[in-house]
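Read through the structure below, which is laid out as structure tokens, and then see the notes.
The values are calculated or read from the model by the stated rules, or taken from the named source; none is laboratory data. Source: prediction; values computed, not measured. Cβ placement follows ideal geometry from the backbone for every residue including glycine, while neighbour counts extend to all protein chains displayed.
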Amino acid sequence: MSSRYAKHCMAIVVLTIACSSAARADQSGNATLAANTFLNLDTGGVSSTGGDLLWNGTMLTPQGRAGTYNLGKYGSRAFKAIRAKDASAAPYNVLPILAGTLVAGDVFGVHTNGGNYAKGMVAAVNGTSLALQFTTFFIANPAGFIANAAAANSAPIIAQLQNNYSFLLPAVPNYGIAPGSLFIITGTGLSTSPLSALQSSSASGGLPTTLNQTSISVTVAGVTTTPALYYTSATQLGAVLPSTTPVGTGTITVTYNGQASAPAPIHVVASALGLDTLYGTGNGAGVVTNNTTGLTFGPTSSAMPGQVVVLWGSGIGADTNNDDRTFPLNQDNLTNIPMQVFVGGISANILYRGRSQYPGVDQIDITIPSNVSPGCFVSVVAVTGAIVSNTITVPVDPSGGVCSDPASGLNGTQIQSLANKAGGNVNSVALSVTQVSEGGKLNAMALAIALSLSSANYGKGYEYASQGSCIIVPPEQASINNLFQTPLDAGTIQVTGPTGNVSLGNGGGLYQGQLPSGSVTASPGTYTFTGSGGKDIGNFTVAINVQGALTLTNQSALATITRSQGATVTWSGGFSNGDVQVEGAVGDQYGTIRFYCHAPSSAGQLTIPSSILLAMPPGGGHLVVSNTTAPKTVSASGIDIGLAVGSVLIRLDSNFK
């Protein structure tokens, strides 16, 4: 099976793009860091001052212009496989790697102050002592870095600006910072190192414009404004852009301790709403509250069709009746700002859009449409003009209690239990008989995945939307450490089907084998998975009936998709009680922006709305239409959840206009 479809079953992605040739031999070594010591990966030295990483006993924090990227617990095999060209691919950032993640076998990457790349692996943890194995790849003339990091200017450096809730990146079509919105600045040397206390907007004078010797200046169209600050730290600032800031492209400057940063670009738009999420990631389960009780909806306490709910976020747009600094703000209903909110793809009635009384924090009161398709992860997205928000999800059920999700085979009680699992990891088994059709060629495999996943993925709804909904998956969500944790041993696994048997091998978390017929649709019937059991998972047997897959009926119409008009996928047939998923992306890399939509097989069609497609950049890309059977439960000792499905995937080239 082509590796581009592996994400439908698992994401074995290891930091991949090309980088320039090495200037000198790679440097490998070992280092043991006591609390409050530094590691310089350009020299391999450990010291009490200066370096690329600071270990303080509880976290590993990048220093200066260095950045980190944590891959996850993948051990020496993955560590050894990472090459220089692989290491340069990671989406490095300035956030620390916490001690809870730094367990033996954890693999991470570092972009050093000297502009080189390094791979590291935790060898052992002993109290507050951290033992590491590392290799540094030396890069000829690293672009954008000063050769001697110690000689770097101590002035603040602005890396990027983001909405405080959506975290959209500047490269996406719906990026922008709206007047009156709460936004974050990331970089280095922005203020004092410790994170300051969150400032109170109800204090005398409201939010300060100077905090810990840090201030911000924004100039657009010749007008200069000064954002108020909620907090400061060396690597991140939280601020509110004044409503008096004009729309357009301008510059932003951070001044700390009398030294000003180089001006960085800021793109100010009239409205660019970011919706708040329960896990603070900009996607997945949203912060949606009951208008009467103020409680947040969850898998066992769903919103009901016809109910008034409150969405929270920032970026509706300017409200010049307020000073953006002082609580309580006037709650002006900003009906002058055109907005639509779609719940499960259906337009919702907006009762209020404006400030929540707190500077930079907006609320939108809506009524859940009466005809929305229920589910545990019903999509919510807002549109202002041609700018769409991030997508979030909310559980919806006619009873207002426990939600249910036919496509996943789970209900809200099960989801809540998995999300709250003690220890934070969920032992999972997924079994699939899968056929891929691309360019007139068929390829069919049996797959088994046995892994321990972060429990947060169940509460958040990783890359998932209920039937009748569509979501956008941002590029950074493709990171391997966002999903997979530890592979599990299930022993040997075999599949018996209409045309014979196939062994999927044993061990390693991923089991796969080519089906003898090379086709599922040409060999319909019952496929039985039998697992012998291993050190982590007990024996199991489960059978799935795979027959009656869909046939696309408008394939040619999908070759070109106009984003502003939406697109509809139609089909005939489909697995009984099954699910249809449409995934789309511009480009052919796993790390690009993608969308996912779901519908029951019986629907016969699925519409990808413009409110989703407008978040996609224009360009050549693809659609993958998947038809899956109703999930069957896999029961075995050692697992928390197990599901088995049959699936047929059809890949189409599409041009997004």
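Here is a yes/no grid of residues against (1) within 18 Å of Gln259 (Cβ to Cβ); (2) surrounded by fewer than 23 Cβ atoms within 10 Å (Cβ to Cβ):
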{"residue": "Ser193", "(1), (2)": "yes, yes"}
{"residue": "Gly205", "(1), (2)": "no, yes"}
{"residue": "Pro208", "(1), (2)": "no, yes"}
{"residue": "Gln213", "(1), (2)": "yes, yes"}
{"residue": "Ser217", "(1), (2)": "yes, yes"}
{"residue": "Thr224", "(1), (2)": "no, yes"}
{"residue": "Tyr230", "(1), (2)": "no, no"}
{"residue": "Ser233", "(1), (2)": "yes, yes"}
Could you grab the pairs with beta carbons closer than 8 Å, sequence gap of 6+ or different chains, first residue in the range 167-183 and within 21 Å of Tyr279 (Cβ to Cβ), second one charged (D, E, K, R) and in a strand (DSSP E or B)?
Ser181/Asp362
Is there a residue in the range 474-488 that is among the hydrophobic types (A, V, I, L, M, F, W, C), at pLDDT below 80, surrounded by 16 or more Cβ atoms within 10 Å (Cβ to Cβ) and part of a strand (DSSP E or B)?
yes
Can you spot a residue in the range 270-285 that is surrounded by fewer than 22 Cβ atoms within 10 Å (Cβ to Cβ), touching a Ser or Thr at 6+ places or on another chain (Cβ under 8 Å), of a type in the set (Ser, Thr, Tyr) and more than 16 Å from Ser181 (Cα to Cα)?
no
For Thr570, are the conditions met, namely being closer than 30 Å to Gly619 by Cβ, at pLDDT 90 or above and not in a helix (DSSP H, G or I)?
yes
When the residues of the range 507-537 are narrowed to those that are among the hydroxyl-bearing types (Ser, Thr, Tyr) and assigned to a loop (DSSP other than H, G, I, E, B), which ends up surrounded by the most Cβ atoms within 10 Å (Cβ to Cβ)?
Ser523
I need a count of the residues in the range 301-330 that are in a loop (DSSP other than H, G, I, E, B) and closer than 14 Å to Val378 by Cα.
3
